[in-house]
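Report on one structure; see the data block that follows.
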Amino acid sequence: MDSYSPPQGPLKVIHLDHELLAIDKPSGLLSVPGKGPELADCLLTRVQADYPSALLVHRLDRDTSGVMLFALSPLAQKHLGQQFERRVTKKVYVAEVWGRLEGKGMIDLPLIVDWPNRPRQMVDHERGKAAITEWRAKKPGDITRVELRPQTGRSHQLRVHMAELGHPILGDPFYATPDALAAADRLKLHAWKLSVRHPDGGEWLELRAKLPF
């Protein structure tokens, strides 16, 4: 990882109730602490400074922005964790990718960690874990805006899948071509919508984080 200088500023609260807290995570901020004191600053510690009962439910990559959900009780954490594990949750990301992409499709490519180059991931049809992404082009052009709906939750899944499709996400330091990397000052990947069943009552709750690009 390159030098870590996370963005500063107050938490952007999307939703708060007696069981749930949703934050719009900025690009460039770790979800959880990394190894070493220089990587201690993260969204989890910032959230717990203001909401001491907050518990981790899921993560976003450092350079991905958007909806990140926290539980405010152990019971809510268990309930939400099971939803993520059983793929009950519905996630929609928005990305800008290199090149003209039209229509819609599905990517089904199993992934495994590329150990000599971790945290990079790679496609491995023999040892990889199932990874499925639905995509839909929204604004085709030399750079295309796409909506991505992951059906699984593998590390770097959307980033690897779009690169394998020949349309890497702009600003991706791991998987973009030099031109695609230079085309943006950040990873153009945003967790736009997250739908979960509320731990208290089971009603569907849709959380949205405003698109930053």
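General observations
- Under the condition of being more than 16 Å from ASP61 (Cβ to Cβ), in a helix (DSSP H, G or I) and under 16 Å from the mean Cα position of the chain (by Cα), the residues counted in segment 82-104 number 1.
- Flag if ASP185 is acidic (Asp, Glu), without any contact (Cβ under 8 Å) to a residue 24 or more places away in the chain and more than 22 Å from VAL13 (Cα to Cα): yes
- Hits in segment 15-36 - residues which are farther than 17 Å from PRO199 by Cα and touching a residue at least 12 places away in the same chain (Cβ under 8 Å): ILE23, ASP24, LYS25, PRO26, SER27, GLY28, LEU29, LEU30, SER31, VAL32, PRO33, GLY34
- Scan of segment 1-26 for residues that are hydroxyl-bearing (Ser, Thr, Tyr) and surrounded by 15 or more Cβ atoms within 10 Å (Cβ to Cβ), ordered by number: TYR4
Every number in this text was worked out from the coordinates using simple rules, so none of it is lab data. What you see is a predicted model; the values in this text were computed from it and never measured. Virtual Cβ from ideal backbone geometry, glycine too; neighbours counted across all protein chains shown.
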